[in-house]
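K.L.:
One structure coming up, written as structure tokens, with questions to follow.
The values are calculated or read from the model by the stated rules, or taken from the named source; none is laboratory data. These numbers were taken from a predicted model, which means no experiment stands behind them. Neighbour counts are summed over all protein chains in view; Cβ atoms, including those assigned to glycine, are modelled from backbone coordinates with ideal geometry.
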Amino acid sequence: MKFRFPTIKTELAVAFAAIFVSTATLFVYVYQARIMQTQQQVAVWPYVEWLPSWGDHGLYVEVSNKGIGPALVKKVTLKLDGKEFNSLSEMFEVLTDSTFQNYGYSTIQGRVIAPGEHMRAFEIWDKATADRIRAALTKRNFEYEICYCSVFNDCWLSNGTQITESNCD
């Protein structure tokens, strides 16, 4: 008996090759779509920092977006020794045991900070008052947290120069 290799019809071989190529193409397109999604997210990544500054000009906290996409500010939290405050005036009153009106502030919560934009969160113009507040802040645990999101709703929490992922709840 003579051994014969089974014959494969040409049409069947072409059909299997087409299925293989189509499946491989599908995987390539899915992979490419994931890469494009990652590139889009990175292309609009915001990076929000805040830094204090003091001197002869007084005291201020400046918030800036150093990223390449807009930052949608969802929540701003102001804490002193772990206690959350609803306003700067409440916190300043606790810090100095008195009230004063010689400061300005900007509402940041709910705003969109464009890439490269800088804004002053609050500013104390009077140098003597600024020195008093700064001295009191250095003795206490002051936290100013800004929770913000990208246009893709990826969110982060900034507590100055340290940024961590967050869900802004």
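K.L.:
Ala121: assigned by TED's automatic domain parsing to the domain that holds Leu59 and surrounded by fewer than 13 Cβ atoms within 10 Å (Cβ to Cβ), yes or no?
P.N.:
no
K.L.:
List every residue pair whose Cβ atoms sit under 6 Å apart, with the two residues 6 or more apart in sequence or on different chains, where the first one lies in the stretch 52-80 and is farther than 19 Å from Ala114 by Cβ and the second, anywhere, is assigned to a strand (DSSP E or B) and of a type in the set (S, T, N, Q).
P.N.:
Listed pairs, sorted by first residue: Tyr60/Ser53.
K.L.:
Hey, another quick one. Restricting to the stretch 153-169, and then to whatever is small (Gly, Ala, Ser) and within 10 Å of the chain's Cα centre (by Cα), can you tell me which residue is modelled with the lowest pLDDT?
P.N.:
Result: Ser166.
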